[in-house]
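Taken together, the values in this text are just the output of simple stated rules run on the coordinates, not laboratory data. Values in this document were obtained by computation on a predicted structure and should not be read as measured data. Cβ: placed from backbone, ideal geometry, glycine included. Neighbour counts: every protein chain shown.
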Amino acid sequence: MNLLWLQASGCGGCTMSLLCAEDPDVFDSLQDAGITVLWHPAFSLESGTEVRATLERIERGEIPLDLFCVEGAIARGPRGTGRFQMLSGTGRSMMDWVTALAPHARHVVAVGSCAAYGGVTTAGDNPSDAAGLQYEGAHDGGVLPADFRDKSGLPVINVAGCPTHPGWVLETLMLLADGALGADDLDSYARPRFYADHLVHHGCSKNEFYEYKASATELSEMGCMMEHLGCVGTQTVGDCNIRPWNGAGSCTSGGYPCINCTAPEFENPRHAFTQTPKVAGIPVGLPTDMPKAWFMALASLSKAATPPRLAENATSDRLDVPPTVRKPRS
Amino acid sequence: MTDARLVVGPFNRVEGDLEVHLDVTDGAVASARVNAPLFRGFERMLEGRDPRDALTITPRICGICSISQSAAAARALGAAQGLDPTPQGARVAALIHAVENTCDHLTHFYLFFMPDFARPVYSARPWHGQVAERFTAMQGSGARNALTARAKLMHILGLLAGKWPHTLAIQPGGVTRRPSAAERVRIRSDLRGFRRFLERDLFGAPVEDFVALASQDAAMDWGHGDAGLFLRLAADLDLAALGRGGGRYLSFGAYPMADGPAFAPGLWQNGKLRAPDTDAILEDVSHAWMLGASAHPSQGVTEPDLDMRDTAYSWCKAPRMGGRPLECGALARQVIDGHPLARDLAAQGGGVLARVAARLLEIARTQLLMEELAQGIDPEARFMQRADLPRDGQGVGLVEAARGALGHWLRIEDGHIKSYQIIAPTTWNFSPRDAAGTPGPLEAALVGAPVAPGEDTPIAVQHIVRSFDPCMVCTVH
């Protein structure tokens, strides 16, 4: 299968993250899946005229385009021209190229939250009037219409995340190469369910603190970050704490909150990222699928039942109090 | 008389979007214009937000210099708060930053810069077979090994920074994650693994021996590893003479710690070192699609010219210090820090050879630094302290990204960000002309580059451009 990767209006971080794939690395993974890279802006040899020739041949239908990966949002400004990002050397905007090439693709993959929904490129008042491929924030329809379908009948596949985990991208591409990713395998925002059916909360190293509402009050403390520090891991899709990052990492294990980066419009949470909004002292935002009354009841009960060990460790930067070691019953 | 006008792009194996316009006369570049063809407007996005949000938003300017942006934002906020990191917090932040910078240098050498020498145009050269085996894009054994070594070194970031890119671990008062004693030894073990790669693949000899090189001549005789292969082809192709710089270098000083930065700050001009005068910085907008007047970043605005007027040609502003363009990056840092090899490379022209060799030197020196930083981690210490944010205030964060001097200028009013201006390393290096018509460092370095008959994407131009290791997404931010 042929793969073309374009970097639209973004930071390039999803490619950088992809290069962190291990055992096997990104090049082995693609090769083993039978994927041929027509061109990638970070690691292909070709520059300048060589690339323009490839793009033009794809557009004329002379080279089949099986996997069209776009990283970064699509700039539509100024005034709808797309000239805030010109694909260099071509005299055409990235918006023009993406909309011209997408209909040729067997599959279109939006790599990262910018390509999927607009992401950080659209933060604040969206200075470049950017949008995702098939979404503008949480709204259907981006630079491609809401009813866009690839040649196999799928919408744009949104491998959302900021950045994306290398495993999410590679497994999506391998599943597509295998003909094993269908419409039912995508969630309601077209994210692959193999990672989007999990919550960041699943496997979080702070789970025991969460259970007892033993909360950190400042960054660097051990406790759960939901109550005070803006963590929305109980509401955010992603297997970040099941499938580690860069060896053994995750945001929450790194001591800072999950900021919902796999979701549309995470870039404008309407509060500081690292501070939980509260109404009358009560945090806004419930764990996914949790009825409010039960959450309130359980939270107050578990808070009352917090073991001293957890209460003490929650506001320390280290485990001051170890769990009691029990002797086996004789 | 101009023989040809060339537009070079898409220009890949650089981070982000780059288009280079060349006027060619008598088989050489007579004049160059560098266009950064992307506008996103991060400085605008930050206005009106909670100041702490800068720590989440600014790293996302760039996926390859993410931690550098994070470090600059943390310093700018800290300055506004009157808050310094704890000594151990500063140490761990420096280690996190050093890992990113080292990985960036490695990515540049193996994935971005060297593959060009595996091109068929060099097939008659005696070193071509070996270079093709090591550096062919996506295939070369050296590139593959480097990718693995890079991913494994980044395990330190998984541990200390949660993930890479885009961490929130670096804060004004330190870092969010205290390493335990067991984690400290694991980090040192990761560093020993990286040293094995450096000594087997990149240098083919002890790291200390490369650090001990004191002159360009001595470096050219190195002879081991992938570094030796590069130096051999550099001699053959006379890369020392290609893409020479203006000899004016800037560094804000790298890895600030309790007892000072690991690599010194400075301004190197006419062979003399002095302190950089950041008050004398002016961002010129005469050839940028930006409105407003040229200004110091503390007073600057980001107002895109929606008409993209014909007299401008880039989204990049043109920073100048005392009216003059400056080059930054590993070569600048090592020259300013006083390393004899870097000083000699600069004295002999500061061209493609110098920029790339200085980057290799910095990989070696940073390996020693990272080992020392990890060794000195004290798990019993405090890694973070806090202070309230002022309702009104300002702060500047000056750091060294892999590619050079990075500055954030922050003003807080009424509890929110009133103004946020950024000058990134490649903003300096790839700036357009200023009002006086003075070209930016790359534009100047390209003049004289050979263009062979029939070449439309000149190979010499590619070498020069990539020798700077540009980061265009930071450039325009």
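See the values below:
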item	result
Top of A:89, A:12, A:72 by mean-square fluctuation, Gaussian network on chain A, Cα under 10 Å	A:89
Exposure proxy order (Cβ contacts within 10 Å, fewest to most) of A:71, A:59	A:59, A:71
Share antiparallel - DSSP beta bridges, the range A:2-193, percent rounded to 5	30 percent
Cα centre as origin, Lys/Arg/Asp/Glu Cβ charges: the range A:2-193 dipole, Debye	720 debye
Residues of type lysines that residue A:292 reaches as a straight line, Cα spacing below 25 Å, ignoring anything fewer than 8 places off in the same chain	A:206, A:213, A:278, A:303
Gyration tensor (alpha-carbon) shape descriptor, the range B:4-476, a/c threshold 1.5	oblate
Beta bridges per DSSP with both ends in the protein assembly as shown, % antiparallel, nearest 5	75 percent
The range A:194-324: projected area of the alpha-carbon convex hull, averaged over directions, in nm²	8.6 nm²
Between the range B:262-331 and the range B:1-74, the Cα center-to-center distance that results, in Å	13 Å
Anisotropy class of the range B:189-257 from Cα gyration tensor, a/c 1.5 cut	oblate
Counting DSSP beta bridges with both ends in chain A, the antiparallel % (nearest 5)	40 percent
Separation between Cα centres of the range A:164-223 and the range A:29-63, rounded to whole Å	31 Å
Span-rule helices in chain B, defined as complete DSSP H runs reaching 27 Å or more along the axis (Cα) with Kyte mean at least 0.5	B:352-375
Using θ = phi - 60° and Karplus 6.51 cos²θ - 1.76 cosθ + 1.60, couplings along the range A:109-121 (whole Hz; Gly, Pro as x)	10, 8, 8, x, 5, 5, 5, 6, 10, x, x, 4, 4
Residue of A:94, A:174, A:296 that the Gaussian network model of chain A assigns the largest fluctuation, springs spanning Cα pairs under 10 Å	A:296
Rg to Rh quotient for the protein assembly as shown, alpha carbon positions, Kirkwood Rh	0.95
Cys residues of chain A counted as unpaired, since no other Cys beta-carbon is under 4.7 Å	A:11, A:14, A:20, A:69, A:114, A:204, A:224, A:231, A:240, A:251, A:258
Most mobile of A:244, A:307, A:163 in a GNM of chain A (Cα contacts under 10 Å)	A:307
B:274, B:309 arranged by Cβ crowding within 10 Å, fewest neighbours leading	B:274, B:309
Amide H partners (placed H, <5 Å) of residue A:65, local residues excluded	A:106
Gyration tensor verdict on the range A:45-160 (Cα atoms; rounded if a/c is under 1.5, prolate if a/b is larger than b/c, oblate otherwise)	oblate
Sorted by Cβ density within 10 Å, fewest first, the residues A:111, B:285, B:356	B:285, B:356, A:111
Pairwise centroid distance, computed over Cα atoms, of the range B:123-148 with the range B:411-430, Å	40 Å
Those Cys residues of chain B for which no other cysteine Cβ falls under 4.7 Å	B:103, B:316, B:328
Shielding by partners, peptide A:150-156 (average Cβ within 10 angstrom, other chains)	0
Where labels lie 7 Å past Cα in the beta-carbon direction, separation of residue A:243 and residue A:304 in nm	4.2 nm
Peptide-level mean, for A:260-273, of C-beta atoms on other protein chains within 10 Å	2
Cα lying deepest toward the dipole's positive end in the protein assembly as shown, options A:189, B:203, B:476, charges on Cβ	B:203
